[in-house]
Amino acid sequence: MNAIPVIDIAPLMKGPPAQAEAVAKALGAACREVGFFYVAGHGIPEALISSVFAQSAALFTAPAAIRQAAAFSGPGGNRGYIRLGGETLDPGKPADVKEAFNIGLELPPDDPELLARAPFRAVNLWPELADFRDTMLDYFNRVWRLGRDLHRGFALDLGLEPDFFESRLDRPNATLRLLHYPPVEAPLPDGQLGAGVHTDYGNVTLLATDAVGGLMVRDRAGRWLDAPVMPGAFICNIGDCLMRWSNDVYVSTPHKVVSPKNADRYSVAFFLDPNPDAMVACLPTCISADRPAKCAPITGAEFLRSRLEPTYVAVKG
């Protein structure tokens, strides 16, 4: 891997079949060879993305009481504010030097799964900031749609019906995550990073970043490469759940964030995980006599729980 490919996905969403298949092939190659790719031509307004970053900065610079009023609900709900040092993505290493705010699928108060306290069904915790909720839900819904469009490309590449994933992502364990990495002026303890070395848990991540940079991706040879900021494009990567679904045809890639020096870093990540009750089983097109299924079937909720709980062992409320 010498570079992260840039893929214009507009033809996948509104082009003729031949062009959609070409985009699908490019996505598949990136998922097999790199695990990361930039998405251009996504159609999400730049003004909305700028508003999300402005609201994120307002949240993290507001009085602490505003964030604490929406304190993290724990990994079972996976919503709300996670304090600085409250997460360790690389177990055994010092806590990450970041703070975050998680927003999940917005459900009405009378939703049956919410009332039944189903796994990962919880109310969102909204801070008392003007326009915050409306801005975040608008963005959430748009990147959720974009994530499903990407899955049409994955399905085409993997020899499935184009809408194979649609019913498995229509009530997802999706998380919109606002991230703030404060500036670091003194050297950090050995092994401590803005975000420790990890692979993402779900199917696909869509990340928007500011101009500060700091994301690094490990290539197949073990080298750490900078992921440059590309204005107007999302940087995307597949996660462990889609790797499992594809029977390791697609491979998730370790990455980390190096803490910025003398600058605040903001990023906005959207993690698209399958519905809690979706059965994650090796796809039939990814199994053969030479490539038997590597993993047993598991529900989306069970898989996410197995990955989230170790991350938040250090959270003490």
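A few comments on the model shown:
- Exactly one residue out of 19, 55 is in contact with a Pro (Cβ under 8 Å, 6 or more places away or on another chain) and among the polar types (S, T, N, Q): that is 19.
- Scanning the stretch 63-78 for residues that are among the hydrophobic types (A, V, I, L, M, F, W, C) and within 20 Å of residue 114 (Cβ to Cβ) returns 70, 71, 72.
- Tabulated pairs, the stretch 82-93, first within 15 Å of residue 190 (Cα to Cα), second open to solvent by 30 Å² or more (accessible area, probe 1.4 Å) and polar (S, T, N, Q), C-beta under 8 angstrom, 6+ apart or interchain: 93/192
- Only listed residue being at pLDDT below 95, in contact with a strand residue (DSSP E or B) (Cβ under 7 Å, 6 or more places away or on another chain) and on the phi > 0 side of the Ramachandran plot, chosen from 214, 222: 214
- Verdict on residue 152 being surrounded by 17 or more Cβ atoms within 10 Å (Cβ to Cβ) and outside any loop (DSSP other than H, G, I, E, B): yes
- Matching residues in the stretch 1-22 - criterion: being in a helix (DSSP H, G or I) and either in contact with a strand residue (DSSP E or B) (Cβ under 8 Å, 6 or more places away or on another chain) or open to solvent by less than 40 Å² (accessible area, probe 1.4 Å) (or both): 10, 11, 12, 20
- The listed residues are 110, 170, 134, 163, and the only one of them that is of a type outside the set (A, V, I, L, M, F, W, C) and either crowded, with 20+ Cβ neighbours inside 10 Å or under 19 Å from residue 53 (Cβ atoms) (or both) turns out to be 134.
- Of all residues in the stretch 67-92 being among the aliphatic types (A, V, I, L, M) and surrounded by 15 or more Cβ atoms within 10 Å (Cβ to Cβ), the one that is nearest to residue 199 (Cα to Cα): 89
- The number of residues in the stretch 194-229 that are closer than 25 Å to residue 55 by Cα, in contact with an Asp or Glu (Cβ under 9 Å, 6 or more places away or on another chain) and open to solvent by 20 Å² or more (accessible area, probe 1.4 Å) comes to 4.
- Count - residues of the stretch 239-265 that are part of a strand (DSSP E or B) and open to solvent by less than 30 Å² (accessible area, probe 1.4 Å): 3
- Checked against (1) in a loop (DSSP other than H, G, I, E, B); (2) over 26 Å from residue 286 (Cβ atoms); (3) under 18 Å from the mean Cα position of the chain (by Cα), residue 200 passes all but condition (2).
- Of note, residue 305 does not satisfy the criterion of being under 27 Å from residue 196 (Cβ atoms), open to solvent by 40 Å² or more (accessible area, probe 1.4 Å), in contact with a strand residue (DSSP E or B) (Cβ under 7 Å, 6 or more places away or on another chain) and not in a strand (DSSP E or B).
- Search result, residues across the stretch 23-65 that are aliphatic (A, V, I, L, M) and surrounded by 16 or more Cβ atoms within 10 Å (Cβ to Cβ): 23, 24, 26, 27, 30, 34, 39, 44, 49, 52, 59
- When 47, 100 are screened for being within 16 Å of the chain's Cα centre (by Cα) and at pLDDT 95 or above, only 100 passes.
The values are calculated or read from the model by the stated rules, or taken from the named source; none is laboratory data. Since we're looking at a predicted model, the values are computed, not measured. All Cβ positions, even for glycine, are placed from backbone atoms using ideal geometry, and neighbour counts span all protein chains on display. What goes into the accessible areas is simple: the full protein's heavy atoms, side chains included, and nothing from ligands, DNA or RNA. Shrake-Rupley method; radii C 1.70, N 1.55, O 1.52, S 1.80 Å.
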